[in-house]
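The values are calculated or read from the model by the stated rules, or taken from the named source; none is laboratory data. Nothing here was measured: the structure is a model prediction, and the numbers come from that model. Cβ: placed from backbone, ideal geometry, glycine included. Neighbour counts: every protein chain shown. Accessible surface areas use protein heavy atoms only, side chains included; no ligands, DNA or RNA. Shrake-Rupley method; radii C 1.70, N 1.55, O 1.52, S 1.80 Å.
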Protein chains: 2
Amino acid sequence: MIDYDDFFSRVAHTTQGSAIRKMGVMALKAPDMISFAPGYPDPAMFAWQDFRQIAHEVLTGTDPSVLQYGPTRGYRPLLESVCAILRARGIETPVDNLLITTGSQQGLDLVARALFDPGDVALVELPAYTGAIAAFRNTQVTLLGVRQEADGIDLGDLEEVVTRTRASGRRVRCLYVVPNFQNPTGLLIGLPKRRHLLQAAARLDLLIIEDDPYGALYFEDAATAEDTRPIKADDAEGRVIYLSSFSKTLAPGFRVAWMVAPTPIVEKLDLGKQVSDLMTPSLDQHIVFEAIRRGVFERQVPVLRRFYQNKRTVMQQALRTELGDLIRWPEPRGGFFLWVTLPEAVDADEMVPRAVEQRVIYVAGSAFFVNGRGQHMLRLSFSLPPEARIVEGVKRLAQVIKHEIARG
Amino acid sequence: MIDYDDFFSRVAHTTQGSAIRKMGVMALKAPDMISFAPGYPDPAMFAWQDFRQIAHEVLTGTDPSVLQYGPTRGYRPLLESVCAILRARGIETPVDNLLITTGSQQGLDLVARALFDPGDVALVELPAYTGAIAAFRNTQVTLLGVRQEADGIDLGDLEEVVTRTRASGRRVRCLYVVPNFQNPTGLLIGLPKRRHLLQAAARLDLLIIEDDPYGALYFEDAATAEDTRPIKADDAEGRVIYLSSFSKTLAPGFRVAWMVAPTPIVEKLDLGKQVSDLMTPSLDQHIVFEAIRRGVFERQVPVLRRFYQNKRTVMQQALRTELGDLIRWPEPRGGFFLWVTLPEAVDADEMVPRAVEQRVIYVAGSAFFVNGRGQHMLRLSFSLPPEARIVEGVKRLAQVIKHEIARG
C-alpha cells in the first residue's frame, strides 16, 4: 500500500474544504431541504432566452475565437465592455489594467499567490468571506482579523492590529475587504470611512484587496448607487486591487469575473493565470460580452435589485414573526445575506444536525471568523429559495432555535 | 510612487511567461504571419453545428444547473461519460476518482500544488511541455530532466538522476511524462517501456504524472489505438495520476479537461480546485457532455486522426522538398507537433527575429529544456494552418534556415 501522505506538499496537508460547499452538498442530498446556506442567485432570473439566442448566434463558426484558445487577459471586446461598466461605478482604468478571471475565486487565488509568502500576515474582516479565507490560507499566510462596526471595518482596530503585528516582527502588507453588502454580514462600509480607509492604507503602507461581487445589487429602499462607490474609484495612488464578477448578476455558471490592478501587479496576475488555466473559457466570455452589448446586463440589474430586496423583506418579516427579538441582525441594504446573532446559549455549529433534521440549513458563523469566534452567529442566504420556501424555512429554523433555547 | 516589488511574493518574483503564449501573441499581430508556434487545433474542424444545436437545447432554463454553481468534482453525467471514454482506453476507474478541470493546465497546477514543496525536485522529460514546466516551477520546485530515446524516456537515465538526486539529500517523488505524441517531440513511449516505467516507479517510489492530451489523435498510417494505451491502464498499485482533455478533440475554448487519481490524491486536488475556481464552467460541461452523449465526440475523433495525419504529411513533404537532409526529425505518429533538429551552426532562439521578418514563426527548442539545452532545435505545429499555408510557411522557414547556414 502506498502511503500518499508521504507525497503531499505542506500546502496539501493543511488545505481545508469550504464549509459552504459542504452545506451545499448536504442541501442537495435531502429532497425537502430548504437551504439558506450557499449564496446562489435564483436561476429563475437568469436571462435564459437571451443567452440561448446569443449562443445560437455566436456558434456559427464564422468567428473561430468563440471556441479557440485566446489571450490570457481575456476576450478584448469583453475587456472593453468591462471598462465601461467600471466607468459607471466611478473607476477610470485603461483596458490594460484588467484581467478576466475564472470566477472571482480565481482572482482571490491569483492575488494570494502573487502577494503572500508563507509566514506573512494578511488582514481580513471579522467575519470574512470563506472563499477568500481558503484561498489566502492556501499560500500558508497567517490571517488576522479586524473588527467591524455598523458602517464596516473598524479603522482604529486596523491600525492597532497592523502596529502590533509589525512590532512582533511580522510582514503585513495587505487588507482584504468586501465594502458592499459584505459576505457574510451584509454590511456596507460608509462613504466617509472608505476615504479614511484609503488614507489609513497609505499611512500604514498596505495594499487593499477590494472584492465587490454584490455592489450592483443594492436595495433601493435602503441604499443608492452612490453608497456603493468602490474604494478603487478614489484610488489615485494605486493601492487597490479591485475584483468583481458577473456571477450574481448574469449567472455563476459562466465563471466570468474580472480584476483591475496597478500595472506591475496585473502583469504578475496575468503570469499567474497562464499557469492556472491559460484563459477563461472563450464561449462564456463571448456570451457575457454579447449580453452586455445587447443591453441584457443593464436591463437585468435593476430587476434583480427589486427581486432580491423583496426576498430580503420576506425573510426579515418571517424572522420577526417567528422569533421576535430572540435574535438580531443588521438589516441588509443589498446583496444576498442576512447575518443573525443568536442568544448566547445557542451554538450555531452544534445546532446544525438539529436543523438538518428539520430540513433547513444555514452556514454556522464560525466558518467566517479567522479568530475562532462566531459561535452564536449564522449566515442566512435569502437569494435562492422562492418566497414561500423562505417563510417555511424560517418557521423550521425558528422551531430549532427555540428548542435550543429551551434545552440551554 | 509605490514600489510594488516590495509587495510581491517569492513566487511572483520568479514566475515567467510562457514562450508559446508570447509567440502566439506575436503571430496574431502580423497580418500575413504563418504560425507554426502554438498547438492550436483547427477551428474548421470544430463541430459548430452540433454545439450550436446543443447550446440552444440546454439553454431553455428547464435545467438550472446549466448556468448555476455546481459541484467542484464536475457535472455528474459528464463524469460518467468520461468514465466510459477511459474504459475504452483501458482505464477502469470509479467515478469518484475523477475530477473535471478548467483545462489540463489547471490539472497540472493542482497536481504541483498538492505534491511539490519549495526546494523539492521533480522530474520531467528532456525536452518537456512548457505549460507543465511553468506550473511546476510556480511552486518553487527544482526541475531535473530525464533524457529521451526514440521510444521515449530513457529508464537508465531516470534511475541515475533519481539516485544522484537522493544521494545529494534532496526529495524527489514525481515524474511528469507525456507518453503519447509528446509535446514537443511527438514521440511515443513504446508499450514494453510503459510497463518497465511502472516497475521503475515502484522500485524508486515515484508517482507518475501522465499527461495525455493527444492519445486519441494517433495517425493510422503509423500507430494504432493499442500503441497509445495509457500507463494508468496498468497501474494496479496507484502510482499514476492521469490527465486528459477535450481541448484537442472537441475545442479548447470550453476548457473542459479531466484527471484520474488515487482517492487520497483526488481528494486533495478537489480541495485545491475549490480554492482555484470553485468549479469548471457549467455551460461548457453541459455542452461537452451532450456532445459525447449524442456521439459527436466519437464521430469527430477518427475524422481528426485523418485530418491531422494529412497535415503532418504535407509538412513533412514540404520540409523534405525544401531542406532535404539539412534538418532531421522523428516522424510524428500522432499529435500536433514536429520536432526539428537544425544543423549545429544554427541557433533557433537567435533565428526567431529573422523568421518573424519572413513572416513565419515557431517555438525555439530551448523553451522546452529544463537544463538550458535545445539551442539547435525547434517545434513546428502543423495543426492549425491550412495545407497551402503549411507549404508556404515551410518555404519561408527553409529560406531563413538556409540563410542562417550560409551566415554560420
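Quick rundown of the values:
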{"quantity": "Scope the range B:12-27; condition assigned to a helix (DSSP H, G or I), modelled with pLDDT under 90 and facing another protein chain (nearest Cβ under 8 Å); matching residues", "calculated": "B:R21, B:G24, B:V25"}
{"quantity": "Of all residues making up the range A:271-306, the number that are open to solvent by 20 Å² or more (accessible area, probe 1.4 Å) and facing chain B (nearest Cβ under 9 Å)", "calculated": "3"}
{"quantity": "Answer from B:R173, B:R203 - the residue that is part of a strand (DSSP E or B), open to solvent by 10 Å² or more (accessible area, probe 1.4 Å) and free of Cβ contacts under 8 Å to residues at least 60 places away in the same chain", "calculated": "B:R173"}
{"quantity": "Any pair with Cβ under 7 angstrom, 6 or more apart, that starts in the range B:120-136 at a residue that is in contact (Cβ under 8 Å) with a residue 60 or more places away in the chain and more than 20 Å from B:M377 (Cβ to Cβ) and ends at one that is among the acidic types (D, E) and crowded, with 24+ Cβ neighbours inside 10 Å", "calculated": "none"}
{"quantity": "Residue count for the range A:29-78, restricted to those that are in a helix (DSSP H, G or I) and either open to solvent by 10 Å² or more (accessible area, probe 1.4 Å) or charged (D, E, K, R) (or both)", "calculated": "16"}
{"quantity": "Within the range B:385-408, tally of residues that are open to solvent by 50 Å² or more (accessible area, probe 1.4 Å) and either of a type outside the set (V, I, T) or free of Cβ contacts under 8 Å to residues at least 60 places away in the same chain (or both)", "calculated": "12"}
{"quantity": "Single condition A:K232 does not satisfy, out of (1) touching a residue at least 24 places away in the same chain (Cβ under 8 Å); (2) within 14 Å of chain B (Cβ to nearest Cβ); (3) open to solvent by 10 Å² or more (accessible area, probe 1.4 Å); (4) out of contact with any Lys or Arg (no Cβ under 7 Å at 6 or more places or on another chain)", "calculated": "(2)"}
{"quantity": "Residues located in the range A:324-351, provided they are surrounded by fewer than 19 Cβ atoms within 10 Å (Cβ to Cβ) and not in a loop (DSSP other than H, G, I, E, B)", "calculated": "A:R328, A:T341, A:D349, A:E350"}
{"quantity": "Yes/no for A:V260 being under 23 Å from A:E80 (Cβ atoms) and surrounded by fewer than 23 Cβ atoms within 10 Å (Cβ to Cβ)", "calculated": "no"}
{"quantity": "Residue selected from the range B:97-123 under the condition part of a strand (DSSP E or B) and surrounded by fewer than 24 Cβ atoms within 10 Å (Cβ to Cβ), by the criterion farthest from the other protein chains (Cβ to nearest Cβ)", "calculated": "B:L98"}
{"quantity": "Close pairs from the range A:35-63: first within 7 Å of chain B (Cβ to nearest Cβ) and without any contact (Cβ under 8 Å) to a residue 60 or more places away in the chain, partner open to solvent by less than 30 Å² (accessible area, probe 1.4 Å) and in a helix (DSSP H, G or I), Cβ under 8 Å, at least 6 apart", "calculated": "A:R52/B:A55; A:H56/B:A55; A:T60/B:W48; A:G61/B:P43; A:G61/B:W48"}
{"quantity": "Failed criterion for A:P179 (all others in (1) part of a helix (DSSP H, G or I); (2) open to solvent by less than 40 Å² (accessible area, probe 1.4 Å) hold)", "calculated": "(1)"}
